[in-house]
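Heads up, the thing below is written out as C-alpha cells.
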Amino acid sequence: MDKPQRGYWCECWTQDLTSEARPILRASFDAYSAPQADRWVAVALRTISPALDPDASQEAWEWLYDGRITTRKALLRAEPCTVTLTQACTRLTWTIRPVIFLPLAHRLWDELPSCAQDFKPRAESHMPQQVD
C-alpha cells in the first residue's frame, strides 16, 4: 500500500454494567471493504451466539438476518455503524467507522522496515534503576 486507501476501522468493546468502569477494548480490525467489515461482526456474533442468554442470542440473530443489511448499506454510504447487545450485566459493542488508511512504512510480514537498522541502542540506559 503506497497510497492512502479507504477502509473501515472495526472495534469490539465490552462494558460491565454493574460498575462505573469504562468500556474495555477487546479487539480491533482493519477492513478494506464494507463486506469485510460487517463480516467481522457477523463471525463474532455467530461464534458467541450459542453461549448467549436467549434475549442476547435473539438480538444477535436479528442483526444477522435484518440489521446486517442496514449496516452494509450505511457502510457503503460511508456512515459509521454500531452493533450492541447485552448479555447478563455485560454490554458488547462492535463499532465500524469509515477511515482512510495512510501508508506509514514499508513492511512485509514480520520484517522491520530497512530504516530500523539505522537506529543504534544507546550505551547508557535512561530507565530508573530499581532500589532493593
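Here are the numbers for the structure shown:
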item: Net length gained if the chain between Leu104 and Leu76 were fully extended (0.36 nm per residue, minus Cα distance); result: 7.5 nm
item: Amide hydrogen neighbours beyond the local backbone of Ser33, cut-off 5 Å, H modeled; result: Tyr8
item: Spacing of the two label points (7 Å from each Cα toward its C-beta) at Ile69 and Gln36, in nm; result: 2.6 nm
item: Karplus (6.51, -1.76, 1.60) ³J(HN,Hα), θ = phi - 60°, over region 32-43, in Hz, Gly and Pro reported as x; result: 10, 8, 4, x, 5, 5, 6, 5, 4, 5, 4, 5
item: Region 1-93 - percent relative contact order, Cα under 8 Å, separation 6 or more; result: 30 percent
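We did not get these values from a lab; they are worked out from the coordinates using the rules stated. These numbers come from a predicted model, not from an experiment. Cβ coordinates were reconstructed from backbone atoms using ideal geometry, including for glycine residues, and neighbour counts include every protein chain displayed.
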